[in-house]
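Enquirer: Just dropping this structure here.
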Amino acid sequence: MKIMVVGGGGREHAIIKALKKSPKAEVIYALPGNGGIANDAVCVDIKATDIEAITDFAVKNKIDFAVVAPDDPLVLGAVDALEERGVKCFGPDKKAAIIEGSKVFSKNLMKKYSIPTAAFETFDSEESALVYLETCPLPTVVKADGLALGKGVIIASTRQEARDAVKTIMRDKKFGASGDRIVIEEFLTGPEVSVLAFTDSKTVVPMVSSMDHKRALDGDRGLNTGGMGTVAPNPFYTADAAERCMKEIFLPTLDAMNAEGRPFKGCLYFGLMITPSGPKVIEYNCRFGDPETQVVLPLLMSDLLEIMLAVREERLSEIRVEFSDQHACCVVVASKGYPEKYDKGFEITIPESVRDHVYVAGAALKEDKLVSSGGRVLGVTRTAPTLKDAITSAYSDASAIAFENAYMRKDIGKRALEAKEQN
Ligand code: AMP
Ligand code: GLY
């Protein structure tokens, strides 16, 4: 089969490496891919959000199957456009992708169908939001309605911080039209768990759970980033939590989307918090997470392409989806200064022995040399029978990759390891 993967980060590299293992995969194109993905796929210089160009490329090149990985093309309707022209896709259509595209939509969905989440109010004017902030409990959480590169969430400990957050989002329009409406919600506490799930709208198959490390610095300090590393499985996701999530969150979400006439087919990402009163939804994403995918897919033992085809054809219940019982750790190597200001263009040397475990996110080819081109440059994932060994190997590989200005957190997996040792 001729396959096309839309996107160009570490997540897409992990998806492509997994798809390549399928006997059915003949050629894989990446749109746009990146300098590292070029080792595993044919990169085509088309932006992931240029839906017209993506569709034209797919039709012209007789693509048999397309995987749309990032949130923005999904929310913009890339799957609808491709399917309309006869290209089979993995990913939700525009109607279903709204579960990530609008927080006002997803919060109202959860309220209507009694899916556990933080209590909330929604606002479409700054004035009414400011009135609410005079008396709401603190800390409080202010969220822009639309996509904001994971940065549209502000946790405010004081009323002034909360007012400033509302002004930044609604008046200064820091996230553009994504801030026309906001959600203000209850501050929850507890460990966070990411669960990605395959669903064809009839069946839901959760993948192995994982733990992201969103802050830039060790000890969960510093600014929020796209994710500095992940481990899987997540020790806070106990068998009891998994059972409750299936009953109280996963199946009710599928039913809710079906009842709304928005059946979801693809990878549904549940961002969960295990609170003292049980698991609650922090957010939904309509796609694979990054860098969760870089630990989840290396543990997948079944054929990813077969699973994706089954999702598209609504026969997920008929196939086996198996994960290894090993552990995985992904350490992200970033440019020093990320997520703020950083220099790029430094040559990257990846030793041959490490190459199989590397997922490239922000690197380009310049005169046949790989150079850093983004904040998160690459991730290194290792799997092992124990979490401790997976962490040690991932760090050993990450340290072997040399480039000037490289930065990584030193404590990926530390909290997970401590939690395991306490049990
Ligand atoms: P989101 O983009 O919705 O996943 O939010 C980003 C991060 O903000 C989450 O991973 C949580 O760490 C934090 N967060 C979001 N909502 C809440 C909440 N209601 N209570 C506590 N922390 C939250
Ligand atoms: N790692 C969080 C996300 O993909 O949104």
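Enquirer: Could you derive backbone 3J(HN,Hα) for segment 15-30 from the dihedral phi with the Karplus parameters 6.51, -1.76 and 1.60 (θ = phi - 60°), listing whole Hz in sequence and x where the residue is Gly or Pro?
Expert: Result, ordered by residue: 5, 5, 4, 6, 5, 4, 6, 6, x, 6, 7, 9, 9, 10, 9, 10 Hz.
Enquirer: Okay, moving on. Which aspartates and glutamates does LYS111 reach when only Cα atoms under 17 Å apart count, and residues fewer than 8 places away in its own chain are ignored?
Expert: GLU100, GLU121, ASP145, GLU185, GLU186, GLU248, ASP255, GLU260, GLU283
Enquirer: Which value in Å does the Kirkwood hydrodynamic radius of segment 235-372 take, with 1/r averaged over all unlike C-alpha pairs and then inverted?
Expert: 18.5 Å
Enquirer: Where the only charges are on Cβ atoms (+1 Lys, Arg; -1 Asp, Glu), what is the dipole of the chain about its Cα centre, to the nearest 20 debye?
Expert: That gives the chain a dipole magnitude of about 180 debye.
Enquirer: Separate question: What area, in nm² and to one decimal, does the C-alpha convex hull of segment 378-423 cast on average over all directions? All intermediate terms of the calculation are to be shown ahead of the outcome.
Expert: Values: hull surface 13.5 nm².
Projected over every direction and averaged, the Cα hull of segment 378-423 covers 3.4 nm².
Enquirer: Using a 10 angstrom cutoff on alpha carbons, build the Gaussian network for the chain and name the most mobile of ARG221, ARG262, ARG409.
Expert: Maximum fluctuation in the GNM of the chain, among the listed residues, is at ARG221.
Enquirer: At 20 °C and a viscosity of 1.002 mPa s, what translational diffusion coefficient does Stokes-Einstein give for segment 77-159, taking Rh as the Kirkwood radius over Cα pairs? Give it in µm²/s as a whole number.
Expert: After rounding, the answer is 142 µm²/s.
Enquirer: Please report the equivalent ellipsoid semi-axes of segment 8-57, computed as sqrt(5 x eigenvalue) of the Cα gyration tensor, largest first, in whole Å.
Expert: Ellipsoid half-lengths, sorted descending, are 19, 13, 9 Å.
Enquirer: Can I ask one more? Excluding residues fewer than 8 places away in the same chain, name every one of the aspartates and glutamates whose C-alpha is closer than 12 Å to that of LYS344.
Expert: Cross-link targets: GLU404.
Enquirer: Using per-residue counts of other Cβ atoms within 10 Å, averaged over each peptide, order 66-74, 92-100 from highest down.
Expert: In decreasing order of mean packing, 66-74, 92-100 become 66-74, 92-100.
Enquirer: Another one. Any idea what the dipole of segment 262-370 comes to, in debye rounded to 20, about its Cα centre with Lys/Arg Cβ at +1 and Asp/Glu Cβ at -1?
Expert: That gives segment 262-370 a dipole magnitude of about 440 debye.
Enquirer: Which one, VAL183, ASN258, LEU217, projects farthest toward the positive side of the charge dipole computed for segment 178-268 from Cβ point charges (K/R +1, D/E -1)?
Expert: Result: ASN258, furthest along the dipole toward the positive end.
Enquirer: What number results when the radius of gyration of segment 231-277, computed over Cα atoms, is divided by 2.2 N^0.38 Å?
Expert: Cα-based Rg divided by the globular estimate yields 1.31.
Enquirer: Further question: Only residues of segment 185-228 count here: report those whose backbone N is under 20 Å from the spot 7 Å along Cα→Cβ of LYS24, or say none.
Expert: 197-207
Enquirer: Tell me the volume per residue, in Å³, of the convex hull enclosing the alpha carbons of segment 147-290.
Expert: So the per-residue Cα hull volume is 132 Å³.
Enquirer: Also: Classify segment 204-254 from the C-alpha gyration tensor, please: rounded if a/c falls under 1.5, else prolate or oblate depending on whether a/b exceeds b/c.
Expert: Prolate.
Enquirer: Can you list the equivalent-ellipsoid semi-axes of segment 1-146, largest first and in whole Å, using the square root of 5 times each Cα gyration tensor eigenvalue?
Expert: Taking √(5λ) for each eigenvalue gives 38, 16, 14 Å, largest first.
Enquirer: Principal axis lengths of segment 41-114 from Cα atoms, whole Å, largest first?
Expert: 45, 21, 20
Enquirer: Can you list the residues, at least 5 places off or on another chain, whose amide H is less than 5 Å from the amide H of GLY35, using H built in the peptide plane?
Expert: Amide H to amide H, under 5 Å and 5 or more residues apart or across chains, GLY35 pairs with ALA363, ALA364, LEU365.
Enquirer: Moving to a separate point now. Between ASP389 and LYS60, what is the spin-label point distance in nm, taking each point 7 Å from the Cα along the Cα→C-beta axis?
Expert: Going from the ASP389 label point to the LYS60 one covers 4.9 nm.
Enquirer: Given H placed 1.01 Å from N in the peptide plane, which residues other than close sequence neighbours of PHE187 have an amide H under 5 Å from its amide H?
Expert: Here the answer is VAL141, since their amide H atoms fall under 5 Å of that of PHE187.
Enquirer: Just report the Cα centroid separation between segment 78-99 and segment 162-227, whole Å.
Expert: 24 Å
Enquirer: Can I ask one more? What FRET efficiency would be calculated for the residue pair GLU186, GLU421, taking the C-beta separation as r and a Förster radius of 30 Å, to the nearest 0.05?
Expert: About 0.45, to the nearest 0.05.
Enquirer: As a check on your grasp of the helix formula, calculate [θ] at 222 nm for the chain: sum -39500 (n - 2.57) over DSSP H runs of n ≥ 4, divide by the residue count, round to the nearest 500.
Expert: -8000 deg cm²/dmol
Enquirer: Determine the alpha carbon to alpha carbon distance for each of LYS103/LYS280; LYS20/LYS95; LYS143/LYS214; LYS88/LYS202 and list only those over 21 Å. Numbers along the way, then the final one.
Expert: Details: LYS103/LYS280 15 Å; LYS20/LYS95 30 Å; LYS143/LYS214 17 Å; LYS88/LYS202 19 Å.
Flagged as over cut-off: LYS20/LYS95.
Enquirer: So which chymotrypsin sites (Phe, Trp or Tyr not before Pro) in segment 150-216 are both in a DSSP loop and have at most 15 other Cβ atoms within 10 Å of their Cβ?
Expert: PHE187
Enquirer: What are the aspartates and glutamates whose alpha-carbon lies under 16 Å from the alpha-carbon of LYS24, with same-chain residues fewer than 8 places away excluded?
Expert: Hits, sequence-local ones excluded: ASP40, ASP64, ASP303, GLU306.
Enquirer: Please report the net charge: other residues with Cβ closer than 12 Å to the Cβ of MET207, K and R +1, D and E -1.
Expert: Net of charged neighbours comes to -2.
Enquirer: If I model a spin label as a point 7 Å beyond the Cα along the Cα-Cβ vector, how far apart are those points for LYS47 and GLU318 in nm?
Expert: Calculated label separation equals 4.1 nm.
Enquirer: For q = 0.13, 0.14 Å⁻¹, what log10 I(q)/I(0) does segment 298-423 give under the Debye formula with an equal point scatterer on each alpha carbon and no solvent?
Expert: Log-scaled intensity ratios, in q order: -0.67, -0.75.
Enquirer: Can you give the log10 of the normalised intensity I(q)/I(0) at q = 0.09, 0.10, 0.14 Å⁻¹, computed with Debye over equal Cα scatterers of the chain?
Expert: Computed log10 I(q)/I(0) values: -0.53, -0.67, -1.39.
Enquirer: What share of the DSSP beta bridges in the chain is antiparallel, in percent to the nearest 5?
Expert: Antiparallel bridges make up about 80 percent of those DSSP assigns within the chain.
Enquirer: Still on this structure, please answer the following. From the phi angles alone, apply the Karplus equation (6.51, -1.76, 1.60; θ = phi - 60°) to segment 38-52 and give each ³J(HN,Hα) in whole Hz, x where the residue is Gly or Pro.
Expert: 4, 6, 10, 8, 8, 7, 10, 7, 10, 5, 4, 9, 8, 4, 4
Enquirer: Residue farthest toward the positive end of the dipole of segment 1-101, with Cβ of Lys/Arg at +1 and Asp/Glu at -1: which of ALA18, GLY36, ALA96?
Expert: ALA18
Enquirer: Can you tally the net charge around PRO23? Count Lys and Arg as +1, Asp and Glu as -1, for every other residue whose Cβ sits under 12 Å from the Cβ of PRO23. Could the numbers behind the result be given before it?
Expert: Values: positive: LYS20, LYS21, LYS24; negative: GLU26, ASP303, GLU306.
That works out to 0.
Enquirer: Give me the compactness ratio for segment 76-125, meaning the Cα radius of gyration over 2.2 N^0.38 Å.
Expert: So segment 76-125 has a normalised radius of gyration of 1.48.
Enquirer: Right, next: Return, ordered by residue number, the residues of segment 258-287 whose backbone nitrogen is under 18 Å from a label point located 7 Å along Cα→Cβ of THR238.
Expert: 272-280
Enquirer: So if we plug the beta-carbon distance of TYR132 and ASN258 into 1/(1 + (r/R0)^6) with R0 = 41 Å, what FRET efficiency do we get, rounded to 0.05?
Expert: Working from the Cβ atoms, E equals 0.80.
Enquirer: Quick check for me: using +1 on Lys/Arg Cβ and -1 on Asp/Glu Cβ, what's the dipole size of segment 19-110 about its Cα centre, in debye to the nearest 20? Intermediate results must be reported in sequence, preceding the final value.
Expert: On the way: 12 positive and 14 negative charges, 58 e Å.
The calculated dipole for segment 19-110 is roughly 280 debye.
All of the numbers you see were taken from the coordinates with simple rules; none came from a lab. Keep in mind that this is a model prediction, so the values were computed, not measured. So basically every Cβ, Gly included, is an ideal-geometry build from the backbone, and we count neighbours across all protein chains shown.
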